[in-house]
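The values are calculated or read from the model by the stated rules, or taken from the named source; none is laboratory data. All values derive from a computational prediction rather than experimental measurement. So basically every Cβ, Gly included, is an ideal-geometry build from the backbone, and we count neighbours across all protein chains shown.
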Amino acid sequence: MNRIKSLVCVGVAAIMAAPQLGLGASHREAPITALDTKADITDFYAFVSYDDPTKVTFLLDVDPLLEPGNGPTYFPFDDNVLYAIRIDNNNDARSAISFQFRFQTEIRAPEVFTAFVGAGDGINAPANSPTGVAPGTPIVPPAITALDGNGSQGLNLRQRYTVTMVKNGVSTQLTNETGQPLFAVPTNVGPRTMPDYPALAAQGIYSLGNGIRVFAGTVDDPFYIDLGAAFDSLNFRMAAGGGVLTAAQDADDNTNTAPDFLSGYNVNTIAIEVPIAMLTRTGTLLKATDPAATIGAWGTTSRPRITVRRAPLPAESSGNWSQVQRMGNALINELIIGVGHKDYWSLSEPKDDAQFASFDLDPLLARVFNAVYGIAVPNPPRMDLLPLVVYAPPIAAPGTPQGPIADLLRLNTGVGPTPKAQRKRLGLLAGDPAGYPNGRRVSDDVTDISARAVAGILAGSAFNYRIGDGVNTNDVPYQETFPYAAWAQSGRNRRHIDPGEAGCTQNAGPACPIN
């Protein structure tokens, strides 16, 4: 413990300038969320919409490592969690605008043993039906083809949700333009129960007026990483360079040379697309050179302060909301904050992040890279990382107020989206101005980008190492339109691409290496 302390104890002035940065999202963060997975934020995204540069899309992913076939009740959002997307638009690391989501679960057929059921046009009791149910009686409802009305009979567990915008302290409930409820999209059970899942999922995209769209439901987990190798003390596979990619491997954004640990897994996502003019402090679209163009964003989950267990009656919750988890940049909590401080970090607010700065001025992870790979890393204090935790170039325009040290995902809303053909997984490091750490798109390789930043690439070409895990793309293609994540993988037909198995890249190509 004294050794760890010695690595991070520095002068007060230096601590106040310390940055925070991580590798990606491991999906198991602080102890508090390892025990409360429904409130666990796995990833947070914010980017200018690919098909409409006047809007920003936010994604808040929660509830990690959802095995698609893990029924019978699958993966509802938690009715007792307040999910929120928060935006700072005046450089003080405080929430000027938030979008808050609450869910309400209904069980429509309490006697049925599974959350979702259906087949074809329905299945009736046969001629040899056991006593008590006459032949011809409906047994299995029609396949699920709708979230409401005809075609939704098999949706036993169904969730409605509300969206509330809080701006300048004023709360406004945002509602479906049609006047109908907002329904969360269920997981993809399989082709018998949900024969056209993409069409079913698309019904969960709602317009809320004023150019706002929303989606909530289970999707393919868009994050990709060789997670097992990363947490085996950076034991990356030799076929993928052993943690330092070859030039050819690094240049190929479409090929994996290591297994994607999250292949075949789903996650719950809340996505909202909002006009930029509703987000900036000027209430207008701005050029990238304007100091007001850059916003900071983060996601939070909160629970009521009091929960009373009343068995055999349901639990009852009350009291004010208490934050459980937060996320701005990826993997701050997992790989930068010490284990004994992770829960406190999760409960704290970004505006108070200077208290954690000593973990980041001399990142222990950089010293691990130095020890494992033998590479030189910059000497502390690591001022090269400062642009990642304040409002500063190359993300924010020159002259933008820096604000306090804070873990916010900063996005310059004046930088338009990069067309798919020119998009780079390494974002800003590869000359793609619309990529991480200028916001974060679903396809950005935050693992490799952040590892290189920690190793010192922002300090100059002397620290330009091709650190990477060999996973350069997702196991299924992303969508190019809202909500951008791929639809949920099938519970019946999903595939995890494991070490030693063929099809390392989106079910194609050679086997994934083991060593």
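With the requirement that a residue be surrounded by 13 or more Cβ atoms within 10 Å (Cβ to Cβ) and either modelled with pLDDT under 90 or closer than 23 Å to ALA451 by Cα (or both), what does the range 308-324 give you?
Going through the range 308-324, the residues surrounded by 13 or more Cβ atoms within 10 Å (Cβ to Cβ) turn out to be 317, 321, 323-324.
Matches in the range 308-324: SER317 only.
Right, ASP196: at pLDDT 95 or above and over 24 Å from the mean Cα position of the chain (by Cα) or not?
Working: at pLDDT 95 or above: yes; over 24 Å from the mean Cα position of the chain (by Cα): yes.
Yes: the conditions hold for ASP196.
Give ALA330, ALA376 a once-over and let me know the one that is assigned to a loop (DSSP other than H, G, I, E, B), at pLDDT below 90 and out of contact with any Cys (no Cβ under 6 Å at 6 or more places or on another chain).
On the way: ALA376 fails: at pLDDT below 90.
Answer to the selection: ALA330.
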Could you say which residue among VAL219, VAL189, VAL185 is in contact with a helix residue (DSSP H, G or I) (Cβ under 7 Å, 6 or more places away or on another chain) and at negative phi?
VAL185
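Are any residues in the range 253-274 of a type in the set (Val, Ile, Thr) and either farther than 23 Å from GLY217 by Cβ or free of Cβ contacts under 8 Å to residues at least 60 places away in the same chain (or both), and if so, which ones?
From the range 253-274, those of a type in the set (Val, Ile, Thr) are 255, 257, 267, 269-270, 272, 274; that's our starting set.
Result: THR255, THR257.
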Here are some conditions: (1) basic (Lys, Arg); (2) in contact with a helix residue (DSSP H, G or I) (Cβ under 8 Å, 6 or more places away or on another chain); (3) in a loop (DSSP other than H, G, I, E, B). ARG492 meets all but one. Which one does it not meet?
(2)
Among the residues listed as VAL454, VAL446, VAL476, the single one being within 18 Å of THR255 (Cα to Cα) and buried (at least 24 other Cβ atoms within 10 Å of the Cβ)
VAL446
Among (1) within 17 Å of the chain's Cα centre (by Cα); (2) closer than 28 Å to LEU234 by Cα, there is one condition ALA488 misses while meeting the rest; what is its number?
(2)
Could you say which residue among ALA127, ALA93, ALA84, ALA134 is modelled with pLDDT of 95 or more, crowded, with 16+ Cβ neighbours inside 10 Å and in a loop (DSSP other than H, G, I, E, B)?
ALA93
Residue in the range 461-485 that is farthest from VAL267 (Cα to Cα), counting only those that are over 26 Å from the mean Cα position of the chain (by Cα) and hydroxyl-bearing (Ser, Thr, Tyr):
SER461
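Residues checked against (1) aromatic (Phe, Trp, Tyr); (2) at pLDDT below 95; (3) surrounded by 24 or more Cβ atoms within 10 Å (Cβ to Cβ):
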| position | (1), (2), (3) |
| --- | --- |
| THR418 | no, no, no |
| ARG423 | no, no, no |
| ARG441 | no, no, yes |
| SER461 | no, yes, no |
| GLY468 | no, no, yes |
| PHE482 | yes, no, no |
| GLN489 | no, no, yes |
| ARG492 | no, no, no |
